[in-house]
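Bear in mind that the values in this text are calculations on the coordinates, not laboratory data. Bear in mind that the values here come from a model prediction, so they are computed numbers and not experimental data. Note that we place each Cβ from the backbone using ideal geometry, even for glycine, and neighbour counts take in every protein chain shown.
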Amino acid sequence: MDEVDKQIINHLQGGFPVCDSPYQVVAEQLGLTEASLIYRIKRLLDTGLLSRFGPLFHAEQMGGGLTLAAVKAPEQQFDQITDIINSFPEVAHNYARSHELNMWFVIATDLPERLSEVIDEIQQQTQLRVYNMPKINEYFVGLKLQA
Amino acid sequence: MDDLDRQIISATQAGLPLTPQPYQAVAKELGISTELLVQRIKLMQQQKVIRRIGVVPNHYRLGYSFNGMTVWNIVDEKIDELGKQVGELDFVSHCYHRPRHKPEWNYNLFAMVHSKTEQGVKQQIQIITEILGQYNLGQDVLYSTRILKKTGLRIGEKRV
């Protein structure tokens, strides 16, 4: 990653235009050629510095269900619990965290009513209580990390 | 949202094509005109179905090794006012009000913070502590120790 890559990452966290030749528009803003910008974005994705490039969707606005949930997974069953929870296609992210509630996952469903079903199924299969923490209010969501 | 919107979401959620005319490419794949696609994307942006179009950096690969989920027990009457102030900090990427589960879980304000050093996170927590002042009844920080799954949202691919 060089200075130009950093500029691209910082610039494109802000937004990408919707027009005929958007790469050309951004390339001009950054003083690059269109081909060079496309090549660099591809390289940043291939090397994993970027995890995504494209539209970011807002699940609830799409009419679906979304929640954050956590369980207390006993250490000796941790891998088994992970497999069960990850096996649900509705589980989008799952993180091990340093706390008694040591597994935190995001559930996203097409239909809002499916959320409670997924939670019940996880509780049945893991025999653990699922702590459901749907958002009550959102104060900020955005990325503004300096590369 | 209708079926076409769902098809557009499905076609672009893995990412935009890296070709000079990416919207034309997506329109062609869906068998619709570029004008219609662009119109729908702009409408979804207005409706906030699309938050933004752009890049998502991998925090860890950018050197942000310390990604803490800070959680706070805030007096209910003050949470909206204080939540907004915390969300405005430039090192906070997500800030939400979520339910408590007493007695095991007393925290109702969640703020994700990101730093390249552990010391940096401590300073960020200090700044948040000062903003919250007397209305903060307790706090913790949960670091992610491992990513167990990260597929992103997969909505619109299959209807139940």
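Neighbouring Cβ atoms within 10 Å as the yardstick, rank A:Tyr39, A:Tyr139 fewest first.
On the way: A:Tyr39 13, A:Tyr139 23.
Result, fewest neighbours first: A:Tyr39, A:Tyr139.
When a/c reaches 1.5 or more, the comparison of a/b and b/c decides; with that in mind, is chain B rounded, prolate or oblate per its Cα gyration tensor? Walk me through the numbers on the way to the answer.
Values: a/c = 2.53, a/b = 2.04, b/c = 1.25.
Verdict is prolate for chain B.
Inside 10 Å of the C-beta atoms of A:87-99, what's the mean count of C-beta atoms belonging to other chains?
On the way: counts 1, 1, 4, 3, 3, 7, 8, 6, 11, 7, 8, 8, 8.
Averaged over the peptide's residues, the number is 6.
Mind telling me which of B:Thr129, B:Thr34, B:Thr70 comes out most flexible in a GNM of chain B, alpha-carbon contacts under 10 Å?
B:Thr34
Return the calculated 222 nm mean residue ellipticity for the protein assembly as shown, to the nearest 500 deg cm²/dmol, obtained by summing -39500 (n - 2.57) across DSSP H runs with n ≥ 4 and dividing by the residue count.
On the way: 10 runs with 110 residues, N = 307.
Computed ellipticity for the protein assembly as shown at 222 nm equals -11000 deg cm²/dmol.
For q values of 0.20, 0.27 Å⁻¹, compute log₁₀ I(q)/I(0) with the Debye formula on a Cα-only model of the stretch B:3-46, without solvent.
For the stretch B:3-46 at q = 0.20, 0.27 Å⁻¹, log10 I(q)/I(0) is -0.56, -1.04.
May I ask you to evaluate 6.51 cos²θ - 1.76 cosθ + 1.60, the Karplus curve with θ = phi - 60°, for each residue of the stretch A:30-45 and list the ³J(HN,Hα) values in order in whole Hz, giving x for glycine and proline?
For the stretch A:30-45, the Karplus-derived couplings read 9, x, 10, 8, 4, 5, 5, 4, 4, 4, 5, 4, 4, 5, 5, 6 Hz, x marking Gly and Pro.
For B:Lys149, which aspartates and glutamates qualify as cross-link partners when the Cα separation must be under 16 Å and same-chain residues fewer than eight apart are set aside?
Once the sequence-local aspartates and glutamates are set aside, what remains near B:Lys149 is A:Asp79, A:Asp83, A:Glu90.
How would you classify the stretch B:66-143 from its alpha-carbon gyration tensor, with a ≥ b ≥ c the square roots of the eigenvalues: rounded for a/c under 1.5, else prolate if a/b is greater than b/c, otherwise oblate?
Details: a/c = 1.78, a/b = 1.41, b/c = 1.27.
Because a/c hits 1.5 or more and a/b exceeds b/c, the stretch B:66-143 counts as prolate.
In this model, which of A:Lys6/B:Lys150; B:Lys28/B:Lys84; A:Lys42/B:Lys122 are farther than 32 Å apart at the alpha-carbon? Working shown, then result.
Numbers: A:Lys6/B:Lys150 24 Å; B:Lys28/B:Lys84 42 Å; A:Lys42/B:Lys122 35 Å.
Correct reply: B:Lys28/B:Lys84; A:Lys42/B:Lys122.
Please report, for the Cα atoms of the stretch A:59-132, the Rg to one decimal and the Dmax as a whole number; what are they, in angstrom?
Rg then Dmax for the stretch A:59-132, in Å: 11.9, 39.
Using the Karplus equation 6.51 cos²θ - 1.76 cosθ + 1.60 (θ = phi - 60°), what ³J(HN,Hα) coupling, rounded to whole Hz, does each residue of the stretch A:90-98 give in order, writing x for Gly and Pro?
Each residue's phi maps through the Karplus curve to give 6, 7, 8, 10, 8, 10, 7, 10, 7 Hz.
If you line up the long axis of helix A:3-12 against the longest principal axis of chain A, both from Cα atoms, how many degrees apart are they, to the nearest 10?
Roughly 60 degrees, rounded to the nearest 10.
Write out the GluC sites (Glu not before Pro) in the stretch B:68-160 meeting two conditions: DSSP loop, and at most 14 other Cβ atoms within 10 Å of their Cβ. Provide the component values of the computation, followed by the final result.
On the way: sites: B:Glu77, B:Glu81, B:Glu88, B:Glu104, B:Glu118, B:Glu130, B:Glu157; in loops: B:Glu88, B:Glu104, B:Glu157.
Passing sites in the stretch B:68-160 are B:Glu88, B:Glu104, B:Glu157.
Starting from 0 in steps of 10 Å, tell me what percent of the Cα-Cα pairs of chain A lands in each bin.
9, 30, 24, 23, 12, 2
Quote the FRET efficiency, to the nearest 0.05, computed for B:Glu77 versus B:Lys102 with a Förster distance R0 of 22 Å and r equal to the Cβ-Cβ distance.
On the way: r = 17 Å, r/R0 = 0.79.
E(calc), rounded to 0.05, equals 0.80.
Quick one: compute the contact order of chain A, relative version, from alpha carbon pairs under 8 angstrom and 6+ residues apart, as a percent.
Details: 156 pairs, mean separation 38.1, N = 147.
Taking the mean separation of contacting Cα pairs over the length of chain A, I get 26 percent.
What is the mean number of Cβ atoms from other protein chains located within 10 Å of the Cβ atom of each residue in peptide B:115-122, rounded to a whole number? Write down the numbers at each step before the final one.
Working: counts 1, 2, 0, 0, 0, 0, 0, 0.
Other-chain Cβ atoms within 10 Å of each residue's Cβ, averaged: 0.
Under the Karplus relation 6.51 cos²θ - 1.76 cosθ + 1.60, θ = phi - 60°, what is the ordered set of whole-Hz ³J(HN,Hα) values for the stretch A:15-23, x standing for Gly and Pro?
For the stretch A:15-23, the Karplus curve yields x, 10, x, 10, 7, 4, 10, x, 5 Hz.
Using amide H atoms built 1.01 Å from N in the peptide plane, name the residues 5+ places from A:Met103, or on other chains, whose amide H lies under 5 Å from its own.
A:Val71, A:Ala73, A:Arg97
Suppose we keep just the alpha-carbon trace of the protein assembly as shown; what are its Rg and Dmax in angstrom?
20.2, 59
Give the long-range amide H neighbours of A:Asn137: residues separated by 5 or more places, or on another chain, with amide H under 5 Å away, using H modelled in the peptide plane at 1.01 Å from N.
Under 5 Å from the amide H of A:Asn137 lie the amide H atoms of B:His97, each far enough along the sequence or on another chain.
Using only Cα atoms, tell me the angle between helix A:114-126 and the longest principal axis of chain A; keep it within 0 to 90° and round to the nearest 10.
So the helix axis and the longest Cα principal axis differ by about 60 degrees.
Given points 7 Å out from each Cα along the Cα-Cβ axis, report the B:Lys150 to A:Arg114 separation in nanometres with one decimal.
2.4 nm
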